[in-house]
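Notes for the one structure printed next.
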Amino acid sequence: MSLQQPLTVKFDKDLIKKYNLTGPRYTSYPTAVVFNDSYDEQAHLDNLKSQYQTAAQQPLSLYFHIPFCDTLCFFCACNKITTKKRDKADTYIDFLEQEIKLQSAHIPDTRVVEQLHFGGGTPTFLTAPQHHRLMALIDQHFTLLNDDRRDYSIEIDPREADEATIQRLVDTGFNRFSMGVQDVQEKVQKAVNRIQPISMTRTVIEACRAHNAKSINVDLIYGLPFQTLQSFEDTLEQIVELSPDRLSVFNYAHMPHLFMPQKRISEADLPSADEKLDILQMTIQKLADAGYVYIGMDHFAKPTDELALAQQNGTLQRNFQGYTTHADCDLLAMGVSAISLFNNSFSQNIKTSDKYYQQLNDGHIPIMKGYRLSDDDLIRRQVIQDLSCHFLINKNNLEQRFGINFDNYFANELNTLQSMAEDGLIDMTQDNIQVSAKGRLLIRNVCMVFDAYLKPASKQQFSRVI
(Lines give C-alpha, C1' and ligand atoms only; values in the text may rest on other atoms or scores of the structure.)
Protein backbone atom coordinates (compact mmCIF):
# COMPACT_ATOMS: atom_id res chain seq x y z
CA MET A 1 0.00 0.00 0.00
CA SER A 2 1.39 3.38 -0.99
CA LEU A 3 -0.11 6.47 0.58
CA GLN A 4 0.09 10.20 0.03
CA GLN A 5 1.20 12.80 2.55
CA PRO A 6 -0.91 12.41 5.74
CA LEU A 7 -4.12 14.41 5.94
CA THR A 8 -4.26 17.56 7.97
CA VAL A 9 -6.44 17.53 11.07
CA LYS A 10 -9.59 19.63 11.15
CA PHE A 11 -11.00 20.42 14.58
CA ASP A 12 -14.80 20.43 14.64
CA LYS A 13 -15.94 21.07 18.20
CA ASP A 14 -19.60 20.22 17.61
CA LEU A 15 -18.75 16.86 16.02
CA ILE A 16 -16.29 16.05 18.80
CA LYS A 17 -18.96 16.73 21.42
CA LYS A 18 -21.42 14.55 19.52
CA TYR A 19 -19.02 11.60 19.25
CA ASN A 20 -17.10 11.98 22.52
CA LEU A 21 -18.02 8.56 23.86
CA THR A 22 -15.86 6.07 25.76
CA GLY A 23 -13.98 3.39 23.86
CA PRO A 24 -10.74 1.42 23.44
CA ARG A 25 -7.41 2.79 22.18
CA TYR A 26 -7.03 -0.41 20.12
CA THR A 27 -3.46 -1.24 21.04
CA SER A 28 -4.88 -4.71 20.49
CA TYR A 29 -7.89 -6.30 18.87
CA PRO A 30 -9.72 -7.89 20.49
CA THR A 31 -9.04 -5.75 23.57
CA ALA A 32 -7.89 -7.26 26.87
CA VAL A 33 -11.44 -7.34 28.27
CA VAL A 34 -12.09 -10.29 25.93
CA PHE A 35 -9.28 -12.42 27.40
CA ASN A 36 -10.43 -15.41 29.45
CA ASP A 37 -8.89 -18.01 31.75
CA SER A 38 -9.65 -20.92 29.44
CA TYR A 39 -6.48 -19.84 27.63
CA ASP A 40 -3.98 -21.03 30.25
CA GLU A 41 -0.33 -21.94 30.62
CA GLN A 42 -0.73 -25.14 28.61
CA ALA A 43 -2.39 -23.28 25.73
CA HIS A 44 0.47 -20.77 25.79
CA LEU A 45 3.08 -23.55 25.80
CA ASP A 46 1.37 -25.40 22.96
CA ASN A 47 1.33 -22.17 20.98
CA LEU A 48 5.05 -21.51 21.51
CA LYS A 49 5.95 -25.10 20.62
CA SER A 50 3.87 -24.98 17.44
CA GLN A 51 6.02 -22.10 16.19
CA TYR A 52 9.43 -23.49 17.15
CA GLN A 53 10.20 -24.83 13.67
CA THR A 54 7.78 -22.94 11.42
CA ALA A 55 8.86 -19.46 12.57
CA ALA A 56 12.50 -20.22 13.34
CA GLN A 57 13.78 -17.43 11.07
CA GLN A 58 11.20 -14.80 12.00
CA PRO A 59 12.32 -11.77 14.06
CA LEU A 60 11.07 -11.40 17.62
CA SER A 61 9.87 -8.56 19.85
CA LEU A 62 10.43 -8.71 23.62
CA TYR A 63 8.73 -6.71 26.36
CA PHE A 64 9.71 -6.62 30.04
CA HIS A 65 7.44 -5.06 32.65
CA ILE A 66 9.36 -3.35 35.47
CA PRO A 67 6.57 -2.45 37.93
CA PHE A 68 8.46 -0.35 40.48
CA CYS A 69 8.11 3.39 41.05
CA ASP A 70 9.91 5.52 43.62
CA THR A 71 6.91 7.82 44.09
CA LEU A 72 3.23 7.59 43.25
CA CYS A 73 1.83 9.82 40.50
CA PHE A 74 -1.82 10.42 41.34
CA PHE A 75 -2.97 10.29 37.69
CA CYS A 76 -1.42 6.88 37.09
CA ALA A 77 -3.42 3.95 35.71
CA CYS A 78 -0.44 1.58 35.26
CA ASN A 79 0.24 -1.68 37.08
CA LYS A 80 2.96 -0.58 39.51
CA ILE A 81 4.53 -1.11 42.94
CA THR A 82 5.44 2.10 44.76
CA THR A 83 8.45 1.68 47.04
CA LYS A 84 11.70 3.34 48.12
CA LYS A 85 13.36 -0.06 48.62
CA ARG A 86 15.50 -0.75 45.55
CA ASP A 87 16.33 -4.26 46.80
CA LYS A 88 12.76 -5.31 45.99
CA ALA A 89 13.86 -5.28 42.37
CA ASP A 90 16.52 -7.91 43.17
CA THR A 91 13.79 -10.33 44.22
CA TYR A 92 11.75 -9.43 41.16
CA ILE A 93 14.70 -10.10 38.83
CA ASP A 94 15.26 -13.45 40.59
CA PHE A 95 11.79 -14.52 39.49
CA LEU A 96 12.04 -12.78 36.14
CA GLU A 97 15.12 -14.93 35.54
CA GLN A 98 12.99 -18.03 36.11
CA GLU A 99 10.38 -16.81 33.66
CA ILE A 100 13.03 -15.92 31.08
CA LYS A 101 14.40 -19.46 31.29
CA LEU A 102 10.95 -21.06 31.01
CA GLN A 103 9.85 -18.92 28.07
CA SER A 104 13.13 -18.83 26.13
CA ALA A 105 13.34 -22.64 26.17
CA HIS A 106 10.64 -22.57 23.46
CA ILE A 107 12.27 -19.87 21.29
CA PRO A 108 14.99 -20.96 18.82
CA ASP A 109 18.25 -18.99 18.88
CA THR A 110 17.71 -18.17 15.20
CA ARG A 111 14.93 -15.73 16.11
CA VAL A 112 16.74 -12.40 16.50
CA VAL A 113 15.26 -9.75 18.76
CA GLU A 114 14.52 -6.79 16.48
CA GLN A 115 12.46 -4.94 19.06
CA LEU A 116 12.99 -4.76 22.84
CA HIS A 117 11.01 -2.58 25.22
CA PHE A 118 11.25 -1.97 28.97
CA GLY A 119 8.02 -0.52 30.37
CA GLY A 120 6.49 -0.03 33.75
CA GLY A 121 6.23 1.33 36.35
CA THR A 122 9.61 2.95 35.98
CA PRO A 123 12.33 0.85 34.32
CA THR A 124 14.99 3.35 35.45
CA PHE A 125 14.06 2.40 39.03
CA LEU A 126 16.62 -0.38 38.55
CA THR A 127 20.10 0.30 39.90
CA ALA A 128 23.06 -0.04 37.54
CA PRO A 129 23.94 -3.58 38.82
CA GLN A 130 20.28 -4.65 38.55
CA HIS A 131 19.99 -3.32 35.01
CA HIS A 132 23.22 -5.00 33.92
CA ARG A 133 22.11 -8.27 35.49
CA LEU A 134 18.76 -8.22 33.67
CA MET A 135 20.35 -7.33 30.34
CA ALA A 136 22.89 -10.13 30.78
CA LEU A 137 20.03 -12.60 31.41
CA ILE A 138 18.20 -11.46 28.29
CA ASP A 139 21.37 -11.66 26.22
CA GLN A 140 22.10 -15.13 27.56
CA HIS A 141 18.71 -16.57 26.65
CA PHE A 142 17.74 -14.61 23.53
CA THR A 143 19.57 -13.47 20.39
CA LEU A 144 20.00 -9.72 20.73
CA LEU A 145 21.20 -7.51 17.89
CA ASN A 146 24.16 -5.15 18.08
CA ASP A 147 23.66 -3.34 14.78
CA ASP A 148 21.35 -0.67 13.34
CA ARG A 149 18.50 -3.14 12.89
CA ARG A 150 17.76 -3.06 16.60
CA ASP A 151 14.85 -1.03 17.90
CA TYR A 152 15.43 -1.11 21.66
CA SER A 153 13.39 1.34 23.72
CA ILE A 154 12.99 2.16 27.39
CA GLU A 155 10.75 4.42 29.46
CA ILE A 156 12.72 6.92 31.52
CA ASP A 157 11.86 8.99 34.58
CA PRO A 158 13.93 12.19 34.20
CA ARG A 159 13.80 12.66 37.99
CA GLU A 160 16.18 9.74 38.44
CA ALA A 161 18.11 9.54 35.18
CA ASP A 162 21.31 11.49 34.65
CA GLU A 163 23.94 11.45 31.91
CA ALA A 164 25.56 8.34 33.43
CA THR A 165 22.19 6.54 33.32
CA ILE A 166 21.77 7.32 29.63
CA GLN A 167 25.33 6.21 28.95
CA ARG A 168 24.61 2.89 30.68
CA LEU A 169 21.40 2.37 28.72
CA VAL A 170 23.15 3.10 25.42
CA ASP A 171 26.03 0.80 26.35
CA THR A 172 23.52 -2.03 26.91
CA GLY A 173 21.86 -1.53 23.53
CA PHE A 174 19.00 0.95 24.00
CA ASN A 175 18.60 3.52 21.24
CA ARG A 176 15.05 4.85 21.74
CA PHE A 177 13.95 6.72 24.83
CA SER A 178 10.54 7.78 26.11
CA MET A 179 10.00 10.00 29.12
CA GLY A 180 7.00 11.14 31.06
CA VAL A 181 6.69 14.87 31.62
CA GLN A 182 2.89 15.34 31.70
CA ASP A 183 3.09 19.09 32.48
CA VAL A 184 5.86 21.55 33.37
CA GLN A 185 3.77 23.85 35.59
CA GLU A 186 4.68 23.58 39.29
CA LYS A 187 1.07 23.93 40.51
CA VAL A 188 -0.06 21.06 38.28
CA GLN A 189 2.93 18.93 39.25
CA LYS A 190 2.20 19.39 42.97
CA ALA A 191 -1.45 18.42 42.43
CA VAL A 192 -0.47 15.11 40.81
CA ASN A 193 2.58 14.46 43.06
CA ARG A 194 5.15 14.60 40.27
CA ILE A 195 7.67 17.40 40.83
CA GLN A 196 9.87 17.54 37.74
CA PRO A 197 11.46 20.88 36.78
CA ILE A 198 11.94 21.41 33.05
CA SER A 199 15.70 21.50 33.66
CA MET A 200 15.61 17.79 34.54
CA THR A 201 13.83 16.94 31.32
CA ARG A 202 16.20 19.11 29.30
CA THR A 203 19.27 17.42 30.83
CA VAL A 204 17.99 13.93 29.95
CA ILE A 205 16.96 14.89 26.40
CA GLU A 206 20.35 16.48 25.78
CA ALA A 207 22.07 13.34 27.10
CA CYS A 208 19.97 11.11 24.83
CA ARG A 209 20.78 13.30 21.85
CA ALA A 210 24.49 13.36 22.70
CA HIS A 211 24.45 9.56 22.63
CA ASN A 212 22.86 9.43 19.16
CA ALA A 213 19.39 8.30 20.18
CA LYS A 214 17.33 7.11 17.21
CA SER A 215 14.24 8.67 18.71
CA ILE A 216 13.20 10.67 21.79
CA ASN A 217 9.55 10.69 22.90
CA VAL A 218 7.89 12.93 25.48
CA ASP A 219 4.54 12.12 27.11
CA LEU A 220 2.18 14.96 28.06
CA ILE A 221 -1.30 14.79 29.59
CA TYR A 222 -4.08 17.34 29.18
CA GLY A 223 -6.99 17.55 31.58
CA LEU A 224 -4.94 17.46 34.81
CA PRO A 225 -5.80 19.56 37.88
CA PHE A 226 -5.31 23.33 37.53
CA GLN A 227 -4.42 23.17 33.85
CA THR A 228 -5.70 26.07 31.74
CA LEU A 229 -5.45 26.85 28.06
CA GLN A 230 -2.72 29.38 28.77
CA SER A 231 -0.73 27.15 31.14
CA PHE A 232 -0.72 24.19 28.78
CA GLU A 233 0.26 26.42 25.88
CA ASP A 234 3.28 27.47 27.94
CA THR A 235 4.04 23.80 28.67
CA LEU A 236 3.92 22.99 24.96
CA GLU A 237 6.21 25.89 24.08
CA GLN A 238 8.81 24.75 26.59
CA ILE A 239 8.66 21.15 25.37
CA VAL A 240 8.74 22.06 21.66
CA GLU A 241 11.87 24.07 22.41
CA LEU A 242 13.51 20.78 23.46
CA SER A 243 12.59 19.33 20.03
CA PRO A 244 11.67 15.72 20.85
CA ASP A 245 11.18 13.46 17.82
CA ARG A 246 7.79 12.30 19.04
CA LEU A 247 5.11 13.58 21.36
CA SER A 248 2.27 11.66 22.97
CA VAL A 249 -0.42 14.01 24.28
CA PHE A 250 -2.96 11.99 26.22
CA ASN A 251 -6.34 12.92 27.60
CA TYR A 252 -6.45 12.41 31.37
CA ALA A 253 -9.22 9.91 32.10
CA HIS A 254 -10.45 10.47 35.64
CA MET A 255 -11.60 6.99 36.67
CA PRO A 256 -11.03 6.75 40.45
CA HIS A 257 -13.44 3.79 40.65
CA LEU A 258 -10.86 1.79 38.68
CA PHE A 259 -7.57 3.42 39.72
CA MET A 260 -7.10 4.10 43.43
CA PRO A 261 -4.36 6.79 43.14
CA GLN A 262 -6.78 9.03 41.23
CA LYS A 263 -8.93 9.35 44.38
CA ARG A 264 -6.32 11.88 45.56
CA ILE A 265 -7.25 14.18 42.69
CA SER A 266 -10.20 16.47 43.35
CA GLU A 267 -12.62 16.49 40.46
CA ALA A 268 -13.34 20.14 41.23
CA ASP A 269 -9.75 21.03 40.27
CA LEU A 270 -9.98 19.50 36.79
CA PRO A 271 -10.53 21.70 33.72
CA SER A 272 -14.04 21.62 32.28
CA ALA A 273 -14.91 19.50 29.25
CA ASP A 274 -15.04 22.65 27.12
CA GLU A 275 -11.65 23.84 28.32
CA LYS A 276 -10.15 20.42 27.61
CA LEU A 277 -11.38 20.68 24.03
CA ASP A 278 -9.87 24.15 23.75
CA ILE A 279 -6.57 22.76 25.05
CA LEU A 280 -6.69 19.94 22.51
CA GLN A 281 -7.45 22.32 19.64
CA MET A 282 -4.60 24.61 20.66
CA THR A 283 -2.24 21.62 21.01
CA ILE A 284 -2.96 20.36 17.52
CA GLN A 285 -2.41 23.79 16.01
CA LYS A 286 0.69 24.50 18.08
CA LEU A 287 2.36 21.23 17.15
CA ALA A 288 1.42 21.59 13.48
CA ASP A 289 2.97 25.07 13.49
CA ALA A 290 6.10 23.55 15.03
CA GLY A 291 6.32 21.05 12.16
CA TYR A 292 4.93 17.91 13.81
CA VAL A 293 2.70 15.46 11.92
CA TYR A 294 -0.42 14.07 13.58
CA ILE A 295 0.05 10.29 13.48
CA GLY A 296 -3.21 9.41 15.21
CA MET A 297 -4.65 8.55 18.64
CA ASP A 298 -2.76 11.21 20.62
CA HIS A 299 0.57 10.77 18.81
CA PHE A 300 2.63 13.35 16.91
CA ALA A 301 6.02 13.01 15.22
CA LYS A 302 8.47 15.00 13.17
CA PRO A 303 8.06 14.38 9.41
CA THR A 304 11.50 12.72 9.34
CA ASP A 305 10.70 10.31 12.19
CA GLU A 306 10.24 6.62 11.34
CA LEU A 307 6.59 6.70 12.44
CA ALA A 308 5.72 9.50 10.04
CA LEU A 309 7.67 7.85 7.22
CA ALA A 310 6.01 4.48 7.90
CA GLN A 311 2.59 6.11 7.81
CA GLN A 312 3.36 7.66 4.44
CA ASN A 313 4.59 4.42 2.88
CA GLY A 314 1.83 2.28 4.39
CA THR A 315 3.91 0.19 6.82
CA LEU A 316 2.87 1.77 10.13
CA GLN A 317 1.31 -0.61 12.64
CA ARG A 318 -0.01 -0.55 16.19
CA ASN A 319 0.49 -2.80 19.21
CA PHE A 320 0.70 -2.63 23.01
CA GLN A 321 3.59 -0.14 22.81
CA GLY A 322 1.48 2.15 20.60
CA TYR A 323 2.46 2.99 17.04
CA THR A 324 5.37 0.97 15.72
CA THR A 325 7.13 -0.32 12.64
CA HIS A 326 7.57 -3.82 14.14
CA ALA A 327 4.05 -4.95 15.05
CA ASP A 328 4.37 -7.87 12.62
CA CYS A 329 6.89 -9.51 14.99
CA ASP A 330 5.68 -12.06 17.50
CA LEU A 331 5.68 -10.28 20.88
CA LEU A 332 6.84 -12.24 23.91
CA ALA A 333 6.21 -10.30 27.13
CA MET A 334 7.51 -11.08 30.61
CA GLY A 335 6.95 -9.76 34.12
CA VAL A 336 3.77 -9.10 36.10
CA SER A 337 0.70 -8.28 33.96
CA ALA A 338 2.74 -8.43 30.71
CA ILE A 339 0.76 -9.34 27.58
CA SER A 340 2.22 -11.43 24.75
CA LEU A 341 0.89 -11.64 21.21
CA PHE A 342 2.36 -14.78 19.71
CA ASN A 343 1.10 -16.60 16.63
CA ASN A 344 -2.21 -14.69 16.70
CA SER A 345 -2.81 -15.58 20.34
CA PHE A 346 -2.78 -13.32 23.39
CA SER A 347 -1.56 -14.42 26.80
CA GLN A 348 -1.38 -12.25 29.91
CA ASN A 349 0.68 -12.84 33.02
CA ILE A 350 -0.64 -12.68 36.56
CA LYS A 351 -1.03 -9.07 37.73
CA THR A 352 0.20 -9.27 41.36
CA SER A 353 3.78 -9.94 42.34
CA ASP A 354 2.97 -12.43 45.14
CA LYS A 355 0.96 -14.71 42.86
CA TYR A 356 3.51 -14.19 40.06
CA TYR A 357 6.31 -15.35 42.39
CA GLN A 358 4.26 -18.32 43.64
CA GLN A 359 3.56 -19.63 40.14
CA LEU A 360 7.23 -19.40 39.20
CA ASN A 361 8.24 -21.08 42.47
CA ASP A 362 6.00 -23.94 41.40
CA GLY A 363 7.73 -24.11 38.01
CA HIS A 364 4.91 -22.55 35.96
CA ILE A 365 4.90 -19.81 33.37
CA PRO A 366 2.56 -17.40 35.23
CA ILE A 367 -0.18 -17.10 32.60
CA MET A 368 -3.44 -15.70 34.00
CA LYS A 369 -5.59 -15.57 30.87
CA GLY A 370 -5.46 -15.18 27.11
CA TYR A 371 -7.27 -15.50 23.84
CA ARG A 372 -6.75 -17.14 20.44
CA LEU A 373 -7.93 -15.01 17.54
CA SER A 374 -10.58 -16.46 15.22
CA ASP A 375 -10.66 -15.91 11.46
CA ASP A 376 -13.22 -13.15 12.02
CA ASP A 377 -10.94 -11.52 14.62
CA LEU A 378 -8.05 -11.48 12.15
CA ILE A 379 -10.17 -9.72 9.54
CA ARG A 380 -11.49 -7.14 11.99
CA ARG A 381 -8.05 -6.62 13.49
CA GLN A 382 -6.68 -5.74 10.06
CA VAL A 383 -9.54 -3.33 9.39
CA ILE A 384 -8.92 -1.58 12.72
CA GLN A 385 -5.15 -1.51 12.01
CA ASP A 386 -5.75 0.08 8.61
CA LEU A 387 -8.04 2.69 10.13
CA SER A 388 -5.94 3.57 13.17
CA CYS A 389 -2.65 3.69 11.27
CA HIS A 390 -3.62 4.95 7.80
CA PHE A 391 -7.19 6.28 8.09
CA LEU A 392 -8.09 4.21 5.06
CA ILE A 393 -9.83 0.92 4.30
CA ASN A 394 -8.95 -0.46 0.89
CA LYS A 395 -11.70 -3.02 0.28
CA ASN A 396 -9.88 -4.76 -2.59
CA ASN A 397 -6.79 -5.41 -0.47
CA LEU A 398 -8.86 -6.94 2.31
CA GLU A 399 -10.92 -9.03 -0.10
CA GLN A 400 -7.80 -10.48 -1.71
CA ARG A 401 -6.07 -11.12 1.61
CA PHE A 402 -8.99 -12.78 3.40
CA GLY A 403 -11.14 -14.11 0.55
CA ILE A 404 -14.24 -12.14 1.50
CA ASN A 405 -16.69 -9.82 -0.18
CA PHE A 406 -16.21 -6.71 1.96
CA ASP A 407 -19.64 -5.16 1.42
CA ASN A 408 -21.42 -8.42 2.22
CA TYR A 409 -19.21 -9.30 5.18
CA PHE A 410 -19.59 -5.87 6.77
CA ALA A 411 -23.12 -5.03 5.63
CA ASN A 412 -24.27 -4.10 9.14
CA GLU A 413 -21.16 -2.01 9.78
CA LEU A 414 -21.57 -0.14 6.50
CA ASN A 415 -25.12 0.78 7.51
CA THR A 416 -23.81 2.12 10.82
CA LEU A 417 -21.13 4.12 9.03
CA GLN A 418 -23.72 5.97 6.96
CA SER A 419 -24.39 8.48 9.73
CA MET A 420 -20.65 9.12 10.08
CA ALA A 421 -20.45 9.68 6.33
CA GLU A 422 -23.36 12.14 6.56
CA ASP A 423 -21.51 13.99 9.34
CA GLY A 424 -18.40 14.18 7.18
CA LEU A 425 -16.16 11.95 9.30
CA ILE A 426 -15.60 9.50 6.46
CA ASP A 427 -15.94 9.30 2.69
CA MET A 428 -17.26 5.98 1.39
CA THR A 429 -16.73 4.94 -2.22
CA GLN A 430 -17.07 1.63 -4.03
CA ASP A 431 -13.44 0.74 -3.30
CA ASN A 432 -12.42 2.67 -0.19
CA ILE A 433 -13.47 4.09 3.14
CA GLN A 434 -11.36 7.21 3.74
CA VAL A 435 -11.33 9.04 7.07
CA SER A 436 -11.62 12.79 6.53
CA ALA A 437 -9.54 15.57 8.08
CA LYS A 438 -12.19 16.17 10.74
CA GLY A 439 -12.68 12.44 11.29
CA ARG A 440 -9.06 11.75 12.24
CA LEU A 441 -9.51 12.93 15.82
CA LEU A 442 -12.48 10.58 16.12
CA ILE A 443 -10.76 7.54 14.62
CA ARG A 444 -11.51 5.48 17.73
CA ASN A 445 -15.23 5.93 16.99
CA VAL A 446 -14.79 4.64 13.45
CA CYS A 447 -12.78 1.65 14.70
CA MET A 448 -15.47 0.85 17.28
CA VAL A 449 -17.97 0.20 14.50
CA PHE A 450 -15.94 -2.88 13.51
CA ASP A 451 -15.46 -4.17 17.09
CA ALA A 452 -17.59 -7.31 17.40
CA TYR A 453 -17.15 -7.46 21.19
CA LEU A 454 -17.91 -3.89 22.20
CA LYS A 455 -21.07 -3.79 24.29
CA PRO A 456 -22.59 -0.78 26.08
CA ALA A 457 -21.80 -2.31 29.47
CA SER A 458 -18.13 -2.70 28.62
CA LYS A 459 -17.61 0.90 27.49
CA GLN A 460 -17.34 2.12 31.08
CA GLN A 461 -13.98 0.32 31.28
CA PHE A 462 -12.52 2.66 28.66
CA SER A 463 -11.57 6.33 28.57
CA ARG A 464 -13.34 8.94 26.47
CA VAL A 465 -12.11 9.13 22.89
CA ILE A 466 -11.17 12.82 23.27
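The values are calculated or read from the model by the stated rules, or taken from the named source; none is laboratory data. For clarity, every value in this text was computed on a predicted model and none was experimentally measured. Backbone-built Cβ (ideal geometry, glycine too); neighbour counts: all protein chains shown. Note: accessible area is taken over every heavy atom of the protein model, side chains too, but ligands, DNA and RNA are not part of it. Shrake-Rupley method; radii C 1.70, N 1.55, O 1.52, S 1.80 Å.
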(request) Please name which of C329, G370, Q382 has its Cα lying farthest along the dipole of the range 262-410 towards the positive end, using unit charges on Cβ (Lys, Arg +1; Asp, Glu -1) and the Cα centre as origin. (result) G370
(request) Using the Cα centre as the reference, give the magnitude of the dipole from point charges on the C-beta atoms of the range 41-140 (Lys, Arg: +1; Asp, Glu: -1; all else neutral), rounded to the nearest 20 debye. (result) 280 debye
(request) Measure of size requested: the Rg and Dmax of the chain, with Cα atoms as the atom set and Å as the unit; please supply both. (result) 21.7, 61
(request) Using a cut-off of under 15 Å, list every residue of the range 20-63 whose amide N is near the label point 7 Å from the Cα of R149 along the Cα-to-beta-carbon line. (result) 56-62
(message) Taking every alpha carbon pair in the range 278-375, what does the distance histogram look like in 10 angstrom bins from 0, in percent?
(response) 14, 30, 25, 20, 10, 1
(message) Distance between the C-alpha centers of the range 166-239 and the range 429-448? Whole Å please.
(response) 31 Å
(request) State the Cα centre-to-centre distance between the range 318-394 and the range 59-122 in whole Å. (result) 15 Å
(request) Could you provide, to the nearest whole Å², the per residue accessible area of the chain with probe 1.4 Å? (result) 42 Å²
(request) Pop out the carbon and sulfur fraction of the accessible area of the chain as a percent, whole number, probe 1.4 Å. (result) 47 percent
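For K369, what charge total do you get from the other residues with a beta carbon under 9 Å from its beta carbon, if Lys and Arg give +1 and Asp and Glu give -1? Show your work: numbers first, answer last.
Working: positive: none; negative: D37, D40.
Net of charged neighbours comes to -2.
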(request) Putting +1 on Lys and Arg Cβ atoms and -1 on Asp and Glu Cβ atoms, find which of T429, M448, G314 reaches farthest to the positive end of the dipole of the chain. (result) M448
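Considering only DSSP states other than H, G, I, E and B, which trypsin sites (Lys or Arg not before Pro) in the range 58-94 qualify as loop sites with at most 15 other Cβ atoms within 10 Å? Mind dumping the intermediate values first?
Values: sites: K80, K84, K85, R86, K88; in loops: K80, K84, K85, R86.
Passing both the DSSP loop test and the Cβ count: K84, K85, R86.
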(message) Give the aspartates and glutamates reachable from K85 as a straight Cα distance under 18 Å; neighbours fewer than 8 places away on the same chain don't count.
(response) D70, D94, D157, E160, D354
(request) Might you report the magnitude of the Cβ-based charge dipole of the chain about its Cα centre, with Lys and Arg at +1 and Asp and Glu at -1, to the nearest 20 debye? (result) 660 debye
(message) What's the magnitude of the charge dipole for the range 303-452 around its Cα centre, counting Lys and Arg as +1 and Asp and Glu as -1 at the beta-carbon? Answer in Debye, nearest 20.
(response) 400 debye
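Count charges around L332 for me, please; just the other residues with Cβ under 11 Å from its Cβ, Lys/Arg as +1, Asp/Glu as -1. Can you show the working numbers first?
Working: positive: R111; negative: E99, D330.
Within the 11 Å Cβ shell, the charges total -1.
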(message) I need the calculated FRET efficiency for the pair D328 and N396, taking r as the beta carbon distance and R₀ as 22 Å, to the nearest 0.05.
(response) 0.55
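Can you give the convex hull volume per residue for the Cα atoms of the range 1-73, as a whole number of Å³? Don't skip to the answer; put the middle values down first.
Details: hull volume 20.5 nm³, N = 73.
Spelled out: Cα convex hull of the range 1-73, divided by residues, is 281 Å³.
Give me the number: length gained by fully extending A210 to T352, i.e. 0.36 nm times residue separation minus the C-alpha to C-alpha distance, one decimal in nm. Don't skip to the end; give the middle numbers.
Values: separation 142, 0.36 × 142 = 51.12 nm, distance 3.81 nm.
Length difference between fully extended and current span is 47.3 nm.
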(request) Excluding R246 itself, calculate the net charge of residues whose Cβ lies under 10 Å from the Cβ of R246, where each Lys or Arg counts +1 and each Asp or Glu counts -1. (result) -2
(message) Less than 16 Å apart at the alpha-carbon level, and either on another chain or at least 8 residues along: which lysines does that give for K49?
(response) K101
(request) Name the lysines eligible as straight-distance cross-link partners of K276: C-alpha to C-alpha under 23 Å, and not fewer than 8 places from it in the same chain. (result) K10, K13, K17, K18, K187, K190, K263, K286, K438, K459
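When only DSSP loop residues count, what trypsin sites (Lys or Arg not before Pro) in the range 13-60 have their Cβ near at most 12 other Cβ atoms within 10 Å? Walk me through the numbers on the way to the answer.
On the way: sites: K13, K17, K18, R25, K49; in loops: R25.
When the trypsin sites (Lys or Arg not before Pro) of the range 13-60 are filtered for loop state and at most 12 Cβ neighbours within 10 Å, nothing remains.
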(request) Please compute P(r) over all alpha-carbon pairs of the range 165-251, binned at 10 Å starting from zero, and give each bin as a whole-number percent. (result) 17, 49, 26, 8, 0
(message) Ignoring everything except DSSP H segments at least 4 long, calculate the 222 nm mean residue ellipticity for the chain; use -39,500 (n - 2.57) per segment, divide by total residues, nearest 500.
(response) -11000 deg cm²/dmol
